[in-house]
Each structure stands twice: as C-alpha cells, then as structure tokens.
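*Asks:* My structure is below; once you've seen it, I'll send some questions.
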Amino acid sequence: DELVVQFFDQAPPDIRRQVLAHVGRITQDLARDDPAAVQRAIDLWDSRVAPRIDREDSELTAFGWWFVDTAFPADWALQQLSKTLSFTNGKIDHDYSVVIRLAEIADTDPVAAIRCLRLMLDRDRERGLILASADKVRDVLRVALASEQPGASQSAIDLIHILGAHGYREMRELLPEL
C-alpha cells in the first residue's frame, strides 16, 4: 500500500518501531478473522528489513513482539529473529519473552536458536536477562545438545563455556560426560 510506504519513508525511527511493535502484538488477533493477515504482516516485515542498510536499526528491535506472537510460522520467526539480532547487535524488544518463545521452538532449528541466544546474551552487559531466564536458557541449550543437526551440540557447548567464563558455572551441568 502506497500510504504505508509513504508513512515508513517519512516517520522517525521510534515511531516506525512503535508501529512495527503494534503490528507484532495484534497479528494473532487479526488472524482469527482474517488468515491473510499473517502474510500481510510478513510482507510488511520483509519490506522493512530489505532497506535496513540505509536506515537506523532501531525500528527492527520491534521484532521481539513479532517473535513471541504464535501466529507466525516458527521457522520464519526464528530465521527473522536471527537476521534481526545480527542487524541490531543483539538488541530486541520484549527480550525475556523472546527467550521463553525461543525455548519453545528451539527444536525447529537448534543452531539458529543458539545463535540468537548468544547474540542476545552478548548484548546483556548486566547479565539481567541470563538471571531472569536461566531456566529457559538451559532449555535451549538442552535441545541443542540433544540435537542431531550438524553443529548444534558444539554451538551449545561453546555457549556454555562462554556463560561459564561470565560466572554462570551452573550451566556446566548440561555438558555431556567425556
């Protein structure tokens, strides 16, 4: 829609972020009455990610709201979360809920789940996210350690070592016996 394109071309980054967050929050409700709403939302997201090279990344942090909305296909949401976190250097809105949802769908692609978790935890300088979501972090690590997807187990082991270096040694209990 030309009006939507014009809005995103002219709105300041914070307003764009707020609008994207709102769309992420309401898509599940919209999809009950209009199944095409999910695809229209995905098309909107794709249109916002494509020009990101020329824009500030702040609006993309709104994807946290999209990720926790179960209306979106889990594999698409996980791929977009990974891409978004790399654009935003690990910053994402609604981060605690993102970790919860990540634990729920980590088996979709354990390598991507570990990558997302690592990007988020690297950004978490005060380590509040780790403290608040330690059980869910463990859940993601367990899924990756048990996965047969190439690289998943090693990615989880690497993240456990990184967490241990930051003082979260209790995660070592997840390491397989050698």
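*Asks:* Here is a check on your reading of the model: is SER153 touching a Leu at 6+ places or on another chain (Cβ under 9 Å), closer than 19 Å to TRP66 by Cα and in a helix (DSSP H, G or I)?
*Replies:* In short, no.
*Asks:* For the structure I just gave you, tell me whether ALA77 is modelled with pLDDT under 95 and either hydrophobic (A, V, I, L, M, F, W, C) or open to solvent by 30 Å² or more (accessible area, probe 1.4 Å) (or both).
*Replies:* no
*Asks:* Of the residues that make up the range 55-63, is at least one in a loop (DSSP other than H, G, I, E, B), open to solvent by less than 40 Å² (accessible area, probe 1.4 Å) and within 27 Å of ALA11 (Cα to Cα)?
*Replies:* no
*Asks:* When residues of the range 31-45 are filtered for being open to solvent by less than 90 Å² (accessible area, probe 1.4 Å) and either assigned to a helix (DSSP H, G or I) or closer than 18 Å to ALA62 by Cα (or both), how many remain?
*Replies:* The qualifying residues number 9.
*Asks:* Given the options LYS83, LYS91, name the one that is assigned to a loop (DSSP other than H, G, I, E, B) and open to solvent by 70 Å² or more (accessible area, probe 1.4 Å).
*Replies:* LYS91
*Asks:* Test of understanding: among ARG115, ARG125, ARG142, ARG101, which residue is over 28 Å from LEU44 (Cβ atoms), among the basic types (Lys, Arg) and surrounded by 15 or more Cβ atoms within 10 Å (Cβ to Cβ)?
*Replies:* ARG142
*Asks:* Then there's this: Could you grab me the full set of residues in the range 145-163 that are open to solvent by less than 40 Å² (accessible area, probe 1.4 Å) and acidic (Asp, Glu)?
*Replies:* none
The values are calculated or read from the model by the stated rules, or taken from the named source; none is laboratory data. These numbers were taken from a predicted model, which means no experiment stands behind them. All Cβ positions, even for glycine, are placed from backbone atoms using ideal geometry, and neighbour counts span all protein chains on display. SASA here: full protein model, heavy atoms, side chains in, ligands and nucleic acids out. Shrake-Rupley method; radii C 1.70, N 1.55, O 1.52, S 1.80 Å.
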